[in-house]
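Here the structure comes first, spelled out in structure tokens, and everything after it is commentary.
What follows draws every value from the coordinates through simple rules; no lab data is involved. Keep in mind it's a predicted model, so treat the numbers as computed, not measured. All Cβ positions, even for glycine, are placed from backbone atoms using ideal geometry, and neighbour counts span all protein chains on display.
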Amino acid sequence: MSLTHDTIYALVRRIPAGRVATYGQIAALAGFPRHARQVGYALAALHDGHTDVPWHRVVNAGGAVSRRADPGGEDYQRILLEAEGVVFDEHGCLSLSRFQWRPDQYSNSES
DNA sequence: CCACTGACGAGTG
DNA sequence: GCACTCGCCAGTG
């Protein structure tokens with residue numbers, strides 16, 4: 001079993017709009033808690049516009065948007081998230097405590 | 001098949 | 001709060 005791009009994309013697609021997940025979280029959900037990098041590399045290979053993967057819902061552990069290969073992509077990601085209701089603070093980060101996706105949150109109505 | 005290439009995370013000083 | 005180290009592995013040419 002390996003942490004393939006396909007596995008990563010499948011998990012990213014499960015992130016609901018208005019919620020975000022961290023690279024490490026995706027890796028952990030896939031069963032590879034220390035493979036955060038693989039997640040980033042997988043998303044880097046996406047090339048937005050050619051996939052149905054909501055890559056913009058994936059942020060780093062600090063709740064900030066990571067650098068992309070394409071300059072300006074960071075702003076693009078932020079715009080997409082804000083359009084989904086995610087709010088960024090003055091540091092350019094978002095509140096993971098409020099916007100981080102939690103799979104368990106779905107089985108239990110909790111706000 | 002080998003070498004190079006990357007959207008990270010947590011810890012230490 | 002910043003600079004650095006180590007751990008991690010699938011694509012692509």
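Rounded to the nearest 0.05, the FRET efficiency derived from the C-beta distance between A:Arg98 and A:Asp70 at R0 = 25 Å is 0.35. A simple spin-label model places the labels of A:Asp89 and A:Ala61 1.8 nm from each other, with each point 7 Å out along Cα-to-Cβ. In terms of surrounding Cβ atoms within a 10 Å radius of their Cβ, A:Arg19, A:Arg67, A:Arg14, A:Arg57 rank from fewest to most as A:Arg67, A:Arg14, A:Arg19, A:Arg57.
The charge dipole of chain A, taken about its Cα centre with unit charges on the Cβ atoms of Lys, Arg (+1), Asp and Glu (-1) only, comes to about 360 debye. Once the Cβ-Cβ distance of A:Tyr41 and A:Arg13 is raised to the sixth power relative to R0 = 25 Å, the FRET efficiency obtained is 0.90.
Here the sum of -39500 (n - 2.57) over DSSP H runs of 4 or more residues, divided by the residues of chain A, equals -10000 deg cm²/dmol at 222 nm, to the nearest 500. Stretched out straight at 0.36 nm per residue, the stretch from A:Arg34 to A:Thr4 would grow longer than its current Cα-Cα span by 9.4 nm. Enclosing the Cα atoms of chain A in their convex hull gives a volume equal to 106 cubic angstrom per residue. Residues whose amide H lies under 5 Å from that of A:Val20, counting only those 5 or more places away or on a different chain, are A:Gln100, A:Trp101; hydrogens are built 1.01 Å from N in the peptide plane.
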